[in-house]
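Engineer: Just dropping this structure here.
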Amino acid sequence: MNKKRLTVNRLAMGNLKARKKQYTLMIIGIVLAMIFSSGVMFFVFSALSSFNELDKLSFGNQDAVLMNAQYYNFDRAIENDLIDDYSFAHAIGYGYNEETGEESGSLMAWYDEDAYELSYVGLREGRYPEKAGEIAFERDALVRMKLNAQIGDKITLTVKTPKSENYLSETVEKTYTLVGILHDKRSNIESEFSLNIDQFEYPAIMLSAEEKIENGGEERLVAFIDFAGKDDFNTQWHIKEAIIAEMEERGLVDNEAVNSTVPPSKILYFNGDTHISTQSLQNTEENIRMTTILAVVLTTVLLLASCVGIVNAFNSNLQERRKQIGMLRAVGATKQQIVKVFGREAIIISLCATPLSLLISYFAVKIIIGFMGEGFVFIPEWWVLIVCGLFGIICVMAAALIPLIRASAVSPMQAIRNIDYSRKMKNKRVKSQTKFNAPNLIASRNLMFRKGRQIGVSFILVATIIISGFGFAFIEKEAERMNSFYNDFDYAFESSGGTVGSDIFNCKWGVKYSDFSESVKQEILSLPYVKTVGGIKTCMANIVFDGENSDYMRLMSMYYGNSYGRYETESIDTYEEYVNQLTKTKNKRYLAFSNEVFGGKEFYSSDIHSFEPSDIEEIEKYVTDGKIDIDKLNSGEEIILFAPQKIGYRFEHYENENGEGLISGIIDISDGIKEEDAPYIGETAELSYKAGDVVNISVLSSDITPQELTDEVIIPDDIKANNKQVKIGAIVNSIPQNSRWVQEMNFLTTNSGMNHFYENHPYLNMYITLKNDCTEEVDGEMTYILNQYTSGNGYRIYSKFQSNQEKRNTIFALYIIIISVVVLFFSTAASIINNSLTAQIRESKREIGTLRAVGASAKELTQSYFRQLLSMFGWGCAAGFGLYTVLWIIMYFVAKSTDMSFDYKYQIWQAALICIALLAVCFVNLYSKVKKQMKYSIVENIREL
Amino acid sequence: MNIIECVDLRKEYLSGENIVNAVDGITVAFEQGEFCAVTGPSGSGKSTLLHVLSSLENPTSGDVIYNGKKLSGYNDNQLSVLRRRRFGFVFQAYNLVQELTGYENIVLPVMLDKKKVDEAYINKVIDVLGIGDRLEHLPSALSGGQQQRIAIARALANKPSILFADEPTGNLDGKSGREVLSLLKYVSKEFGITLILVTHDLNVAEQAERIISIEDGKIVRDTKAGV
């Protein structure tokens, strides 16, 4: 016999080989547990990188974009530490397709080398233009101009040449070869593109640097700027101020206009929240902070769960391995030798399990991100895999060795006999039951003596519940944000004025300017791709009070700067003055209307907004009093009041730079005034209306236009009043996601209902939704058609089609992420629980045999194990839902106290469903395992140990 | 009257590539109330015979007839009911349920049968076996002899017709073994139970009214005491 051949490796390998099946199951358990952590983390981080990449492609890598930047000296801004870096796109033309018209065109620019990186232009197909005559288009621009071109095709454009802030009168026709299709910038796909073409235009067409501007033209610069400081409001403000100052210095700024824009330069902030047309980036920082907290929770839970999974997988044959240790020690193996043998075994297992799990994680994530749809690119975050791999190895080694080192410390016989368990039983005092249900009693005793196993299972359930709870709440929030009543349109016709002109009566401009009558709406609805057209009407309406005006109404007047008091104020020095102004002072116009139109009665000027019935029904969930009855709204019998429950005022006292004390009054409509907010306490007034109350509404109108409305004209001569008494059917205190900017203390009704207050009122805005299967080509077609309606009437089209598509993709991607994570959780949880049960059944073969010998049938045995399973689930679910609830509450209050946004719903039904499904899967596995044991004879059950 | 019998009973095992005839065509009958010892050298098939007779294992062929009914016609549930009501088992390794106390182990068959415990009877059994002070303990806190007494009490709990004992004294020291054996004898007489006991110990076998000797799966001798 060759003694040399019996090495530690051979012993370890021999061990593995001899128990192939058990070790395979164990390795599967470990691999699953490791995939669980590495896969999910790798996935989450890769997906985040992918989202981040998509974000940069849509918004650019710069902090701000400055249009018409040729007037500004950026080097000075760098010297002044305002910006770190800048780069230009050189706009040398404005190109459009003659067929689709000027409005569909775009600036054409070549980019400085650094500008590629700063603006983060991305190629969808082909390459960037390299020489004259080559051109690249953003995909949406190509569609919008109905060019229908592929890479390599020739494109003929009509090109206007920029000069100063305008264009040369002569246009030229130019033909280019399309060499690349670029990723759409959000500013181009969600823009007000029928406004003046030289404003707010981000180049959607790229040329090569070899391209020359037409003679007589002047290139226009678009600057991409990287701020020196943080991208926050202060930095933006300072830069804006610096730009204004410089413009003023050069005499380029019209002082009166500086507050709104910075002509002739225009800043578009893409990565901040000062000026951005989408809401998606609002609260970005808060979202990032919240996401970070969630990521930390997720990572911790995942790693712990993975650890539990690995320990559990090892526990499944721990007893057997303990016996092996006992045997080895009995034949003279030293502790070191044992640790070597089993350490080697653990290394071999780690070496099998770790690369396998990392490989599976890698490919699984790659495939899932592929499923997430267009625009998502797989950006592997290798460090996550490495960290998870190392963690996995450490965990496997610890899980394998710690119990075995303990086992090698006891005597051989004790190891063979499972001394831990026997000791535990010896020391335990239990009281005999004189009458019992055998399966239940055995189950509960098993649970009593095998608590560790229960803790493991509970842990994994807790993790599943928490992840699914937060995960689905997160998705729901995102989906809700996207599909909410106020965001779900593809195109909007928006008037730029509406009822502007008077705050008490309806002027001609506001009422009759619009062409959007019911027939136009029906015409648009009949277009082939249109699914819905929703219209909004708005008219001024006054609530006329029989008695004294309430403090609530006075405060509301102040809050919205309506007709009550505000215009008389020059300065406020004392609280008394402020209170007086808030509650007593009435201005000239108010008094005039009160006396001459409303017969000396007090009134409040508000609006009536009308919507489609389906939109009104969406508000139902926010109703705090009463009920929405569409028929009664349609008939003008009822109306909905949108008003906060409380309104309050408080004062702030501060000193100006001269050391003078000033008082500022603040009106708060969110929740009245709380004491901690108010060092100078004001008062809180409650809404006095209830559902069922009747209000007097007076809709005043005049043919006067806003232009004719001067300070001298307080009440037009031709004022007409439509007085109505109407019942408040429902009261809504607040509307979350209120992006249609309906203000508080206004009335809401249906468009039909509006006719009773103001007959044949045209639509102020219209919102158009396309059928679900519409393509980009349809978008181009629709844009072209809808533009026809806007020409010359002061309306603009606001298109969200492309960005909606992107958002839908994002939501879809989020669903894929969460579902993948949950599926992974599910399989890992099922594997861990099943492993645990299988191990227990394997260890309890003798007991099963004994129970069968004394007359227990398959039913009773299954019942006993099922009871254990149920108990594990019960504890796990209780702990899971409990912890989820606690975490949710903590996060809610942390968010509240730090002013972070936290609008995740308390979401448990998915988790409950997952637990039920898990229970079912485990039960099936349990049943099959018990059945398998029943296939053996009782003697085999008893003897096999 | 025969309480249990077997006809041309065979049990084959696969040992590597060879078929082992552990029980090789045995036909034998046991009378109500008799105490029979089955003996023979290691590997002779005595334990296998006991297991097949007591339905712990299925025969390869042949029939086991209990009270005139063939067990081959019973399904798994019916066999479970039969084991919990009519048969009692005492194993060499006691085979108590480790998580249940002595008392709970004893009444386990009654509880599985969802019947009321006959307190007087169980107390008598406990009395006879002398384990009244060990009932609250878990098996791991008991000695071998005490565990085997609990196992005997469990086997008797449902007033079985037959008590099967497989080397019941095999794990016990001489004194405890003798005590357990005399208890088995006593209770089978006291409660009128057929006792079929497998042993390789001739001293134990000699205590029986009938001794069946088995070699290579066949009965080589079947003698009654005093014959």
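Engineer: Scan the range B:219-227 and give yes if some residue there is within 23 Å of B:Leu142 (Cβ to Cβ) and assigned to a loop (DSSP other than H, G, I, E, B), otherwise no. If you could, list the steps in order and put the result at the bottom.
Structural biologist: We begin by selecting, within the range B:219-227, every residue within 23 Å of B:Leu142 (Cβ to Cβ); these are none.
No, the range B:219-227 contains no residue that is within 23 Å of B:Leu142 (Cβ to Cβ) and assigned to a loop (DSSP other than H, G, I, E, B).
Engineer: What about B:Asn58, is it surrounded by fewer than 16 Cβ atoms within 10 Å (Cβ to Cβ) and within 7 Å of another protein chain (Cβ to nearest Cβ)?
Structural biologist: Yes: the conditions hold for B:Asn58.
Engineer: A further question follows. Looking for whichever is surrounded by fewer than 20 Cβ atoms within 10 Å (Cβ to Cβ), free of Cβ contacts under 8 Å to residues at least 60 places away in the same chain and among the small types (Gly, Ala, Ser) here; the options are A:Ala878, A:Ala895. Which one fits?
Structural biologist: Of A:Ala878, A:Ala895, the one residue that is surrounded by fewer than 20 Cβ atoms within 10 Å (Cβ to Cβ), free of Cβ contacts under 8 Å to residues at least 60 places away in the same chain and among the small types (Gly, Ala, Ser) is A:Ala878.
Engineer: Now a separate question. Could you go through the range A:491-510 and let me know if any residue there is under 40 Å from the mean Cα position of the chain (by Cα), under 22 Å from A:Lys601 (Cβ atoms) and at pLDDT 80 or above.
Structural biologist: The answer is yes, given that some residue of the range A:491-510 is under 40 Å from the mean Cα position of the chain (by Cα), under 22 Å from A:Lys601 (Cβ atoms) and at pLDDT 80 or above.
Engineer: Oh, and also: Of the residues in the range A:700-715, how many are outside any loop (DSSP other than H, G, I, E, B), of a type outside the set (D, E, K, R) and modelled with pLDDT of 75 or more?
Structural biologist: Total meeting the criteria: 2.
Engineer: Against the definition (of a type in the set (Val, Ile, Thr), within 14 Å of chain A (Cβ to nearest Cβ) and surrounded by fewer than 22 Cβ atoms within 10 Å (Cβ to Cβ)), how does B:Val64 come out, yes or no?
Structural biologist: Against the criterion (of a type in the set (Val, Ile, Thr), within 14 Å of chain A (Cβ to nearest Cβ) and surrounded by fewer than 22 Cβ atoms within 10 Å (Cβ to Cβ)), B:Val64 qualifies.
Engineer: Follow-up. If a residue has to be surrounded by fewer than 16 Cβ atoms within 10 Å (Cβ to Cβ), in contact (Cβ under 8 Å) with a residue 40 or more places away in the chain and on the phi > 0 side of the Ramachandran plot to count, how many in the range B:6-53 make the cut?
Structural biologist: Looking only at that region, the number is 2.
Engineer: Follow-up question, since we're still on this one. Given the conditions (1) within 12 Å of chain A (Cβ to nearest Cβ); (2) polar (S, T, N, Q); (3) part of a strand (DSSP E or B), which single one is not true for B:Thr27?
Structural biologist: Looking at each condition in turn, B:Thr27 falls short on (1).
Engineer: Restricting the search to the range B:78-96, which residues are in contact with a helix residue (DSSP H, G or I) (Cβ under 6 Å, 6 or more places away or on another chain) and either under 18 Å from A:Ala858 (Cβ atoms) or within 7 Å of chain A (Cβ to nearest Cβ) (or both)?
Structural biologist: Scanning the range B:78-96 gives B:Arg84, B:Phe89, B:Asn95.
Engineer: Could I ask something else about it? Name the one entry in A:Asp140, A:Asp85, A:Asp81, A:Asp153 that is of a type outside the set (Gly, Ala, Ser) and closer than 13 Å to A:Phe224 by Cβ.
Structural biologist: Within the list A:Asp140, A:Asp85, A:Asp81, A:Asp153, the selection yields A:Asp85.
Engineer: Determine the pairs where a residue that is more than 7 Å from every other protein chain (Cβ to nearest Cβ), located within the range A:432-443, has a partner that is part of a helix (DSSP H, G or I) and basic (Lys, Arg) with Cβ atoms under 6 Å apart, the partner being 6 or more residues away or on another chain.
Structural biologist: Cβ pairs passing all conditions: A:Asn440/A:Arg867; A:Ala443/A:Arg867.
Engineer: I'm trying to understand the selection: among the residues of the range B:191-210, which are at pLDDT 85 or above, within 17 Å of B:Ile162 (Cα to Cα) and surrounded by fewer than 20 Cβ atoms within 10 Å (Cβ to Cβ)?
Structural biologist: Scanning the range B:191-210 gives B:Gly192, B:Glu209, B:Arg210.
Engineer: Could you check the range A:512-551 and list, in sequence order, the residues that are in a strand (DSSP E or B), among the small types (Gly, Ala, Ser) and either more than 35 Å from the chain's Cα centre (by Cα) or surrounded by fewer than 17 Cβ atoms within 10 Å (Cβ to Cβ) (or both)?
Structural biologist: A:Ala541
Engineer: Which residue, of A:Leu869, A:Leu883, A:Leu913, A:Leu926, is farther than 25 Å from B:Val81 by Cα, in contact with a Phe, Trp or Tyr (Cβ under 7 Å, 6 or more places away or on another chain) and among the aliphatic types (A, V, I, L, M)?
Structural biologist: None of the other options fit; the residue is A:Leu869.
Engineer: Please tell me if A:Ile889 is away from chain B (no Cβ under 11 Å) and hydrophobic (A, V, I, L, M, F, W, C). Break it down stepwise before answering.
Structural biologist: Working: away from chain B (no Cβ under 11 Å): yes; hydrophobic (A, V, I, L, M, F, W, C): yes.
The answer is yes for A:Ile889.
Engineer: Which of (1) in a loop (DSSP other than H, G, I, E, B); (2) without any contact (Cβ under 8 Å) to a residue 24 or more places away in the chain is the odd one out, the single condition B:Asn203 does not satisfy?
Structural biologist: Going through the list (1) in a loop (DSSP other than H, G, I, E, B); (2) without any contact (Cβ under 8 Å) to a residue 24 or more places away in the chain, B:Asn203 breaks only (1).
Engineer: Return yes when B:Tyr121 is facing chain A (nearest Cβ under 7 Å) and either more than 16 Å from B:Ala165 (Cβ to Cβ) or surrounded by fewer than 23 Cβ atoms within 10 Å (Cβ to Cβ) (or both) and no when it is not.
Structural biologist: So B:Tyr121 fails the test.
Engineer: Filter the range A:910-933 for residues that are within 14 Å of chain B (Cβ to nearest Cβ) and either buried (at least 18 other Cβ atoms within 10 Å of the Cβ) or over 30 Å from B:Leu53 (Cβ atoms) (or both) and give the result.
Structural biologist: Result: A:Val930, A:Gln933.
Engineer: On the given criteria, is A:Arg846 more than 13 Å from chain B (Cβ to nearest Cβ) and farther than 24 Å from A:Val822 by Cα?
Structural biologist: Taking the combined requirement at face value, the residue does not satisfy it.
The values are calculated or read from the model by the stated rules, or taken from the named source; none is laboratory data. If you're wondering where the values come from, they're calculated on a predicted model, not measured in any experiment. Every residue, glycine among them, receives a Cβ derived from its backbone with ideal geometry; neighbour counts consider all protein chains shown.
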